[in-house]
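J.: One structure follows; several queries about it will come next.
The values are calculated or read from the model by the stated rules, or taken from the named source; none is laboratory data. These numbers were taken from a predicted model, which means no experiment stands behind them. A quick note on method: Cβ atoms are made from the backbone with ideal geometry, for glycine too, and the neighbour counts reach across all protein chains shown. Surface accessibility is based on the protein's heavy atoms, side chains included, excluding ligands, DNA and RNA. Shrake-Rupley method; radii C 1.70, N 1.55, O 1.52, S 1.80 Å.
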Amino acid sequence: MEPLHDDAYAAAADWHNRLDEDDSAQTHAEFDAWLAADSRNKAAFEAVERTWSSLSAARVDARVLKLRREALSATHRLRFFRFAAAAAVVGVAVAIAYAVNPLFKADPTARPATIMGSATEGGAFRTAVGERSNITLSDGSSVVLNTNSRVEIRFTPEQRNVRLLSGQAWFQVAKNPNRPFVVEAGDRRVTALGTAFDVRLGAGDSVRVTLAEGKVSVEPILSPLQRLISAPPVPQLLLAGEALVVSEDAPVEKVKADLAKVQSWREGQVVFDNDTLATAINEINRYSSTRIELADPALGQLRVSGVFKAGHSESFVETVTGHYPIQVASRDDSRILLTAAQ
């Protein structure tokens, strides 16, 4: 019997339970086949394993239980160190709740995805906050735009060109060695022949390129003056499972990618794995016109793990306030303000 979920994290939770109950050779063979079927499956199962390992340690540790009781009875004068210590327990609870049961109330501010039905050779495309859009290209390639994103597409006989102006996009490229597929984002140029990859533009024109399949080369985009006075840039090659991170205040870095986390947005989900609450809120805010804010920046250092529905700000707030000593201070159609529980 195969797990009944298409979502990698929900399926991973199923497999975790099944392996605990059935240690037969057949079950392990089926599990190995599931792992090999998709690179996201292994990453999702490892995240579930980490979650349960943390829970097993936390629930029998008297010191952690004491910290949890203190956190849940905290007053508005509670300081950051107590929040941080309690996060080791309540962050695990959040992760398990969402990995096992990712069903939440609909958020009235979330907007439906839009679909581009006909193939295109070019044009400008954009999504609003909370929207996703699938764009089919004339060569058989496709582009999926995430929330609040913009691209310009221009095909020539020699080259297929895309410029990501804002947001995030997933590219599934049809192979054509005589017609490279080039994506420009910020000050980087990504060149692929046939592959699947994700490009995200962040604050200050930071760029993150994540490769799921095939190979891509990434190089700086030089101005005409830079091309005259500088040596030609050496492209950096990315292999499947790698990501390149470019920002203004740090060296260019090649890192191992969390493919399940990066690809989850195409399934309408947002995944956190021991991320700070501040980071999680920034990510949740990308998908909704109702912004979540923290009255005390110290609260932002809490750690959050879990799988959340993109655009469902209210469900995220209900979960955070239900597991942390945090409460809603005020709310309206455009803002939810969170503060320490009193």
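J.: What list of ³J(HN,Hα) values in whole Hz, one per residue of region 278-291 in order, does the Karplus curve 6.51 cos²θ - 1.76 cosθ + 1.60 (θ = phi - 60°) give from phi, with Gly and Pro shown as x?
T.: 4, 5, 4, 5, 4, 6, 4, 5, 4, 9, 9, 7, 8, 8
J.: Explain nothing, just the number: dipole magnitude of region 229-303 about its Cα centre with +1 on each Lys and Arg Cβ and -1 on each Asp and Glu Cβ, in debye rounded to the nearest 20.
T.: Details: 7 positive and 11 negative charges, 41 e Å.
For region 229-303, the charge dipole is close to 200 debye.
J.: Then there is this: Put a dot 7 Å past each Cα toward the Cβ at Gln301 and Ala203; how far apart are the dots in nm?
T.: 1.8 nm
J.: Additional query: Report the full-extension gain for the segment Gln327 to Glu21: residue separation times 0.36 nm, less the Cα-Cα distance, to one decimal in nm. Walk me through the numbers on the way to the answer.
T.: Numbers: separation 306, 0.36 × 306 = 110.16 nm, distance 3.87 nm.
The span from Gln327 to Glu21 would gain 106.3 nm if fully extended.
J.: If you don't mind, another one. What's the carbon and sulfur percent of region 231-342's accessible surface, probe 1.4 angstrom, rounded to a whole number?
T.: 48 percent
J.: Relative contact order of region 241-342, please, whole-number percent, based on alpha carbon pairs below 8 angstrom and at least 6 residues apart.
T.: Over region 241-342, the number comes to 24 percent.
J.: OK, next. Out of every Cα-Cα pair in region 173-261, what percent are more than 16 Å apart?
T.: So the pairs more than 16 Å apart make up 54 percent of the total in region 173-261.
J.: Please compute the modelled spin-label separation between Glu49 and Leu239, points set 7 Å along Cα→Cβ, answer in nm with one decimal.
T.: Going from the Leu239 label point to the Glu49 one covers 2.1 nm.
J.: Taking each pair of different alpha-carbon atoms in region 216-336 once, compute 1/r for the pair, average those values, and report the inverse of that mean as the Kirkwood hydrodynamic radius in Å to one decimal. Please report the intermediate quantities before stating the final value.
T.: Details: mean 1/r = 0.0580 Å⁻¹.
Taking every pair of different Cα atoms in region 216-336, averaging 1/r and inverting gives 17.2 Å.
J.: Can you divide the C-alpha Rg of region 270-339 by 2.2 N^0.38 Å and report the result to two decimal places? Walk me through the intermediate numbers first.
T.: Details: Rg = 10.7 Å, N = 70, 2.2 N^0.38 = 11.1 Å.
Relative to the 2.2 N^0.38 Å estimate, region 270-339 comes out at 0.97.
J.: Anything over 22 Å Cα to Cα? Flag those among Lys175/Lys261; Lys261/Lys309; Lys215/Lys256; Lys175/Lys254; Lys215/Lys254, in the order listed.
T.: On the way: Lys175/Lys261 26 Å; Lys261/Lys309 13 Å; Lys215/Lys256 14 Å; Lys175/Lys254 25 Å; Lys215/Lys254 14 Å.
Those over the limit are Lys175/Lys261; Lys175/Lys254.
J.: Given a 1.4 Å probe, how much area per residue of region 185-342 is accessible, in Å²?
T.: For region 185-342, the per-residue accessible area is 45 Å².
J.: For region 124-236, with equal point scatterers placed on the C-alpha atoms only and solvent neglected, what are the log10 I(q)/I(0) values from the Debye formula at q = 0.10 1/Å, to two decimals?
T.: -0.28
J.: Further question: With an 8 Å Cα cut-off and a minimum separation of 6 or more residues, compute the relative contact order for region 219-297 in percent. Present the calculation step by step, with values, prior to reporting the outcome.
T.: Values: 41 pairs, mean separation 11.3, N = 79.
Dividing the mean separation by the residue count of region 219-297 yields 14 percent.
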